[in-house]
Structures are given as structure tokens and as C-alpha cells.
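Have a look at the structure below, then the notes.
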Amino acid sequence: MHNLKEIVLCSKINFKKWIITPRMYVILAIIIIFGYYTFSDIPKIAAYLEVNATPWVFPFFMTHPTMFIIFGSLTTMLYCNAPFADGHMPFLVIRIGRYDWIIGQVLYIYLSSFVYTSCFFLISIFMLLPRIEFTTDWGQLLYAISKSPSEIMEQTGVALNFMPYEELLDILTPIQATILSFTMFWLVTAFIGVLICCFNIVIEEMVGIVAAAIFTGIAYFSAFLGTISLGKWIYYLSPISWSSISYLDWHGTGSMPSPTYAIICLLIAIALLSIISVVVFCKRDLEIHKGEF
């Protein structure tokens with residue numbers, strides 16, 4: 001029976017390396033920059049309308065298709081060197097074995113994708129300060145923006161960089177939308193992580209980055225030329241698009257992926273890619289790479 005404590009140790013070591021890895025500080029800085037770009041004008045609009053903003057803006061963070069490029073590229077940067085076979089690897093493998101080590105790396109991807117998603121979520125709330133009010137409803141501000149965004153922009157002179165859809169405000173409660181958005185963002189992040197890890201192990205290093213870039217490109221293409229030339233069915237082939245609940249089918253028309261379809265497909269893909277990564281890694285020769293984590 002494999003030692004859970006040793007598996008968790010491998011993941012914990014990866015998290016500790018964040019402190020000494022410059023790439024992690026760059027990623028955090030970019031998250032803050034784009035959180036500021038997307039939500040920093042909300043307090044200005046709230047002040048103009050003399051209302052407070054509610055904290056439920058995260059579900060609409062990925063409404064603009066350009067965010068797929070940013071999200072995909074940033075997540076690829078986070079997991080570019082998966083399965084993280086750096087100079088510490090041989091010592092850990094000798095101590096705990098191949099199987100526990102690679103399981104620890106996969107577990108790290110799952111946990112780090114949760115932390116990564118949490119950073120985006122917390123930044124979205126932080127950018128609303130000081131005009132924020134914690135309530136269990138959407139609030140007047142989001143409804144006002146969803147009903148007449150052009151009028152709001154004209155009156156306030158502020159460019160809206162996110163768009164709350166009135167349809168989603170009517171269908172979902174804020175808590176439902178936020179939980180679902182967080183879950184989809186987390187699952188898509190984990191998918192990208194295990195995708196890179198799997199391709200880097202099965203084929204060779206850096207191929208995983210190419211695979212992630214292809215899926216990122218498909219998401220951006222789907223939001224523009226893809227739907228025009230091929231129709232909305234292309235979203236069925238674009239898992240990165242599912243990171244935004246705005247690109248899911250809420251009416252059961254079948255023209256786009258439903259939330260249930262998206263969640264099931266992501267869970268299956270994550271499981272399969274994880275299993276392939278573990279099996280192939282345990283059968284191949286070890287490859288050690290020097291450099292940063």
C-alpha cells in the first residue's frame with residue numbers, strides 16, 4: 001500500500017518551491033493586472049450610481065474571448081515544466097519510489113489549480129473595494145449594467161471590460177453562479193495542467209505546451225470565426241471555453257455544451273490524462289532536468 005503521507009510530501013515540496021521561483025511572482029502579477037483591468041472601474045460606476053457593488057462578479061470574468069488567450073497562456077506558464085522533474089526529483093524517487101512521486105505531482109496539479117482559481121476569485125473581490133457590499137443577491141449595480149451597458153458607459157465615461165448577462169442573472173442565484181464558475185475554472189485549469197504533464201511524459205518535453213496552445217487557440221477561434229463559419233457546436237470541442245459559464249447552454253437546446261456535459265467531460269479527461277501520465281512515467285527511464293521549478 002502506497003504511503004499517502006509521502007505522496008502529500010511531494011506536493012508540499014512543490015508548493016514550497018513557489019517562494020524561490022520567479023515565474024510564480026510573474027504569474028501573480030499578471031493575475032493582479034488583469035483583475036485590475038477587468039474590475040477596477042466598477043467602484044467608479046458604483047459611486048456614480050450611488051450604490052454598492054456586490055462581490056458576485058467572478059462568474060463574468062471570462063466573458064470576453066480575449067480572456068481565453070490570457071487564461072490559457074498564463075495557465076500554460078504555470079504548468080509548462082510538468083511533471084516538474086527538477087534536481088530534487090532523484091532524491092525523492094529513491095526515497096519514496098516512482099509511483100508515489102508521480103502521484104504526488106498529479107495531486108499537486110489538482111491542488112495548485114484550486115489555489116490558482118482562488119487567486120483569481122479573491123482578486124475580483126479585492127478590486128471592488130471600497131464600494132462593496134456583501135449580500136446574497138446580485139445587487140442593483142450588476143442588473144443596471146446588464147440591462148443597459150452602453151448607457152452606463154456613456155454616462156460614466158468608463159469602459160466596461162466585463163459583461164454580466166441579464167439572462168444568467170435571472171436563471172442563477174449569485175451563490176450558484178459563483179460556485180459553478182469557480183468549479184469550471186478549477187476543472188479547466190486542472191485539465192490544462194494534466195494535459196501538459198501527460199504530453200510531456202508520453203511524447204517529450206515541451207510538447208505539452210504545444211497541446212495547451214492548440215486548445216487555447218481553439219477557444220479563441222470558437223468565439224469568433226468558429227461560430228460564424230461552423231456554428232456553436234464547435235464549443236463541444238473547446239474545453240477552455242467552458243471556464244466561462246457564459247459559453248454553456250442553459251436552456252437545453254443542444255447547440256452548446258450543457259454544464260453537466262462540460263463537467264463530466266472534464267472529469268473524464270482529467271482522470272484519463274492522469275492515469276496515462278502515471279502509467280507511462282512508471283515504465284519509462286527517468287529524465288532529470290536542471291533549472292527552476
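Scanning the range 217-244 for residues that are β-branched (V, I, T) and surrounded by fewer than 22 Cβ atoms within 10 Å (Cβ to Cβ) turns up I218, T227, I228, I234.
Put simply, of K17, K12 the only residue that is open to solvent by 80 Å² or more (accessible area, probe 1.4 Å) and part of a helix (DSSP H, G or I) is K12. Among the conditions (1) part of a helix (DSSP H, G or I); (2) under 17 Å from the mean Cα position of the chain (by Cα), the only one that F162 does not satisfy is (1). Hey, does the range 249-259 have a residue that's part of a helix (DSSP H, G or I) and either modelled with pLDDT of 90 or more or open to solvent by 60 Å² or more (accessible area, probe 1.4 Å) (or both)? Taking every residue of the range 249-259 in turn, at least one turns out to be part of a helix (DSSP H, G or I) and either modelled with pLDDT of 90 or more or open to solvent by 60 Å² or more (accessible area, probe 1.4 Å) (or both). Those residues that are open to solvent by 10 Å² or more (accessible area, probe 1.4 Å) and either touching a strand residue (DSSP E or B) at 6+ places or on another chain (Cβ under 9 Å) or part of a helix (DSSP H, G or I) (or both), I need them from the range 75-105; list them, please. T76, M77, P90, F91, L92, V93, I94, R95, I96, R98, Y99, I103 - these are the residues of the range 75-105 that are open to solvent by 10 Å² or more (accessible area, probe 1.4 Å) and either touching a strand residue (DSSP E or B) at 6+ places or on another chain (Cβ under 9 Å) or part of a helix (DSSP H, G or I) (or both). Hey, does the range 270-284 have a residue that's at pLDDT below 85, in a helix (DSSP H, G or I) and surrounded by 15 or more Cβ atoms within 10 Å (Cβ to Cβ)? No, that holds for no residue. When the range 111-131 is filtered for residues that are open to solvent by 30 Å² or more (accessible area, probe 1.4 Å), closer than 17 Å to A47 by Cα and either aliphatic (A, V, I, L, M) or not in a helix (DSSP H, G or I) (or both), the ones remaining, listed by number, are I125, L129, P130, R131. Can you name every residue in the range 28-73 that is in a helix (DSSP H, G or I), open to solvent by 10 Å² or more (accessible area, probe 1.4 Å) and more than 16 Å from N161 (Cβ to Cβ)? Correct list: L28, A29, A47, Y48, L49, S73.
The values are calculated or read from the model by the stated rules, or taken from the named source; none is laboratory data. Note that the structure is predicted; figures quoted are calculated from it, not measured. Ideal geometry is used to build each Cβ from the backbone, glycine not excepted, and the neighbour counts take in all protein chains shown. Surface areas here come from the heavy atoms of the whole protein model, side chains and all, with no ligands, DNA or RNA. Shrake-Rupley method; radii C 1.70, N 1.55, O 1.52, S 1.80 Å.
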